[in-house]
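Remarks on the structure that follows.
The values are calculated or read from the model by the stated rules, or taken from the named source; none is laboratory data. On a predicted model such as this, the values are computed, not experimentally measured, just so you know. FYI the Cβ positions are ideal-geometry reconstructions off the backbone, even for glycines, and counts take in every protein chain you see. What goes into the accessible areas is simple: the full protein's heavy atoms, side chains included, and nothing from ligands, DNA or RNA. Shrake-Rupley method; radii C 1.70, N 1.55, O 1.52, S 1.80 Å.
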Amino acid sequence: KELKIILKADVQGSIEALGAALTNLSTPKCRLALLHSGVGGITENDLNLAQASDAMLIGFGVRPGPGVAKLAEQQDVEIRMYGVIYEAIDEIKKAMEGLLEPVYKETVIGHAEVKEIFHIPRVGSVAGSIVVDGKILHNAKARLIRDSVSVYKGDMGSLRRFKEDVREVIEGDECGIRIANFNDVKPGDIIESFMAEEVPATL
């Protein structure tokens, strides 16, 4: 991933300090590319360059020239203005992190062992199972494990106990589990119930 920026500042010293600090934000996950920098207000030329290169315009201690802000809105060019270096660094870092794909943290809730398979017309394969540890949740994700290998990962289709739909089944209890869009379930398979929580990516 790459975040391209054009930097305009009040004095050359600000450009050097902020430019160096922003460039140092680059990591293997996301690179910051400083395409252009200069002293003075944000001009129409800066705007045209930003639009052509799909870059963000950064103003430090300066403002857009007459009509430039309105033109930026029309051309869908983002202009961010700052007066404090650490605020600029913090905001640009967040913008870079926003480009990254989210990370999913998995929390395993429980496991059920498949004992027998019931083929139900217009429904599919339902795994008659017993919960061997933790619990199985209806609103959790499901992973099918066969011979210690993850075969499939998807949504829980249904969870039933004594022909009733239930929200959860605890350790030691029997249940019928259907994994959404998956029918290749066999006796001896393990169905893992887990939650996947989206965690914002960091640089």
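Which whole-number percent is the relative contact order of the chain (Cα, under 8 Å, 6+ apart)? Can you show the working numbers first?
Numbers: 449 pairs, mean separation 40.8, N = 203.
It rounds to 20 percent for the chain.
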As I understand it, the dipole of the stretch 3-49 uses +1 on the Cβ of Lys and Arg and -1 on the Cβ of Asp and Glu, about the Cα centre. Which of Val39, Ile5, Thr27 lies farthest toward its positive end?
Thr27
Which aspartates and glutamates have a Cα less than 18 Å from the Cα of Lys70, not counting those fewer than 8 places away in the same chain?
Glu44, Asp46, Asp54, Glu78
Inter-centroid distance (Cα atoms) of the stretch 84-153 relative to the stretch 5-52, Å:
41 Å
DSSP beta bridges in the chain, what fraction antiparallel, as a percent rounded to 5?
70 percent
Working from Cα positions, state the angle (0 to 90°, nearest 10) between the long axis of helix 44-53 and the longest principal axis of the chain.
30 degrees
Relative contact order (percent) for the stretch 99-203, with alpha-carbon contacts under 8 angstrom and 6 or more residues of separation?
40 percent
Report, in degrees rounded to the nearest 10, the 0 to 90 angle that the Cα long axis of helix 12-23 makes with the longest principal axis of the chain.
20 degrees
Full extension between Glu44 and Ala201 adds, at 0.36 nm per residue less the Cα distance, a length in nm of 53.1 nm
Could you provide, to the nearest whole Å², the per residue accessible area of the chain with probe 1.4 Å?
57 Å²
Specify the angular offset, from 0 to 90 degrees and rounded to the nearest 10, of the alpha carbon long axis of helix 85-99 from the longest principal axis of the alpha carbons in the chain.
40 degrees
Which of the lysines could be linked to Lys1 by a straight reach, that is with a Cα gap under 26 Å, when you skip same-chain ones fewer than 8 residues away?
Lys29, Lys93, Lys94, Lys105
Using a 1.4 Å probe on the protein heavy atoms, what percent of the accessible area of the chain belongs to carbon and sulfur?
50 percent
The chain - charge dipole about Cα centre, Lys and Arg +1 at Cβ, Asp and Glu -1, debye rounded to 20
280 debye
CD proxy at 222 nm, helix term only [per DSSP H run n ≥ 4: -39500 (n - 2.57); per residue of the chain; nearest 500]:
-7000 deg cm²/dmol
Here the FRET efficiency for His36 versus Val103, based on Cβ atoms and R0 = 35 Å and rounded to 0.05, is 0.60
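Restricting to DSSP loop positions (anything but H, G, I, E, B) with no more than 13 other Cβ atoms inside 10 Å of their own Cβ, which trypsin sites (Lys or Arg not before Pro) remain in the stretch 130-180?
Lys163, Arg167
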Residues meeting the amide H criterion for Ile109 (H placed from the backbone, H to H distance under 5 Å, 5 or more places apart or on another chain) are Ser193, Phe194, Met195
Using a Gaussian network model of the chain with C-alpha springs under 10 Å, which one of Glu164, Glu44, Glu192 is most mobile by mean-square fluctuation?
Glu164
